[in-house]
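The values are calculated or read from the model by the stated rules, or taken from the named source; none is laboratory data. A quick note: this is a predicted structure, and the numbers were derived from the prediction, not measured. Don't worry about glycine lacking a Cβ; one is built from the backbone with ideal geometry, like all the others, and counts go over all protein chains shown. Each accessible area value is taken on the protein alone, full model and side chains, heavy atoms only, with ligands, DNA and RNA left out. Shrake-Rupley method; radii C 1.70, N 1.55, O 1.52, S 1.80 Å.
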Amino acid sequence: MQNLPLFVLDLAASFVLAAAASCRARSTGAHFSGAAVLACLAGMAAPLVRDGLLGYAAITLNQGEYLAACVCGGITGILIGQGSRAWFAFYWLDSLGLAFGAGIGAVKGVMAGLGPTGSIIVGVLGGLVGGLARDLCLGDMARAIEEDVYATAAAFGGMLALALLLFTNLAQWQSALCGAVLVLALRGMKKIKIA
């Protein structure tokens, strides 16, 4: 593993995407086994699509750490989804998965040799695909379409991660994390506006 901190952030993204999916599924009455399967699907979707676009699809499948992160996230989400504050937890788990996916995707795009446009697109897709898979399987309206500060937040987070990586001396993982923080801040402002 050439970049352990970025790999750990990527595993965290899979964990929280899986937790968000199983939390949402369980809070709507899904059976725990169905919620667990959905968690694995949503958690694996982001790295599979991102790495597939970059030409490295088999890497994610050959690293059992991703599946382990999804299983652990799924169990966590199932437990959270049974509580009275499941919707609140889901919102922040989903936002965190979106944030990590966008920041990591943009950075990995640069690492693979893509230009700015391609890197941002990979970042946005890396952020969105886990939630899209979850919403599609649950029959929900996709948050990427329904919410105004969702795909936009992912795009801005990816742009910030890209700019920091290209124009500062920050490490790759630090650039990805800064992009993720921006996504969370934008989602947080949306949540405050709703409340």
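Relative to the Cα centre, what is the charge dipole magnitude of region 130-195, using +1 at the beta carbon of each Lys and Arg, -1 at the beta carbon of each Asp and Glu, and rounding to the nearest 20 debye?
200
Can you find, among ALA45, SER27, ILE120, the residue sitting farthest towards the positive end of the charge dipole of region 1-142, where Lys and Arg contribute +1 and Asp and Glu -1 at Cβ?
SER27
Under 11 Å from the 7 Å Cα→Cβ point of GLN82, by amide nitrogen: which residues of region 13-46?
Once the point is set 7 Å along Cα→Cβ of GLN82, 32 turn out to lie under 11 Å by backbone N, inside region 13-46.
Each residue of region 144-150 in order: what ³J(HN,Hα) in whole Hz does its phi give by Karplus 6.51 cos²θ - 1.76 cosθ + 1.60, θ = phi - 60°, with x for Gly and Pro?
Ordered by residue, 3J(HN,Hα) equals 4, 9, 6, 9, 6, 10, 10 Hz.
If I model a spin label at LEU4 and ASN62 as a point 7 Å from the Cα along the Cα→Cβ vector, what separation in nanometres do I get?
About 2.1 nm separates the two model spin labels.
Summing -39500 (n - 2.57) over the DSSP H runs of n ≥ 4 in the chain and dividing by its residue number, what mean residue ellipticity at 222 nm do you reach, to the nearest 500 deg cm²/dmol?
It comes out at -28500 deg cm²/dmol, rounded to the nearest 500.
Any idea what the dipole of the chain comes to, in debye rounded to 20, about its Cα centre with Lys/Arg Cβ at +1 and Asp/Glu Cβ at -1?
Approximately 320 debye in magnitude.
Net charge near ALA35, counting Lys/Arg +1 and Asp/Glu -1 over other residues with Cβ under 13 Å of its Cβ?
Net local charge, ALA35 excluded: +3.
With the Cα gyration tensor of region 56-103 giving a ≥ b ≥ c as the square roots of its eigenvalues, does the rule (a/c under 1.5 for rounded; else a/b larger than b/c for prolate; else oblate) give rounded, prolate or oblate?
oblate
Taking the Cα centroid of region 79-115 and of region 119-176, what is the distance between the two, rounded to the nearest whole Å?
8
Accessible area per residue of the chain at 1.4 Å probe, in Å²? Mind dumping the intermediate values first?
Numbers: 8710 Å² over 195 residues.
Heavy-atom accessible area per residue stands at 45 Å².
Taking the chain as a Gaussian network, where each spring joins two C-alpha atoms under 10 Å apart, which residue of SER27, SER84, SER175 fluctuates the most?
Looking only at SER27, SER84, SER175, the biggest GNM fluctuation is shown by SER84.
Is region 44-195 rounded, prolate or oblate when judged by the Cα gyration tensor, a ≥ b ≥ c being the square roots of its eigenvalues, rounded requiring a/c under 1.5 and prolate requiring a/b larger than b/c? Each step should come with its number before you reach the end.
Details: a/c = 1.80, a/b = 1.27, b/c = 1.42.
Here region 44-195 falls in the oblate category.
Report the accessible area of MET141, computed with a 1.4 Å probe over the heavy atoms of all protein chains in place, in Å² rounded to the nearest 10.
Approximately 110 Å² of MET141 is accessible to the 1.4 Å probe.
Using a Gaussian network model on the chain with a 10 Å cutoff between Cα atoms, which of GLY73, GLY158, GLY83 fluctuates the most?
Evaluated over the chain, the most mobile residue of the options is GLY83.
On C-alpha positions alone, give me the angle between the axis of helix 151-167 and the longest principal axis of the chain, in degrees, nearest 10.
30
Just to confirm a number: summing +1 for Lys and Arg and -1 for Asp and Glu over residues other than SER175 whose beta-carbon lies under 14 angstrom from that of SER175, what do you get?
0
In the chain, what percent of the accessible surface is made up of carbon and sulfur (1.4 Å probe, ligands and nucleic acids excluded)?
71
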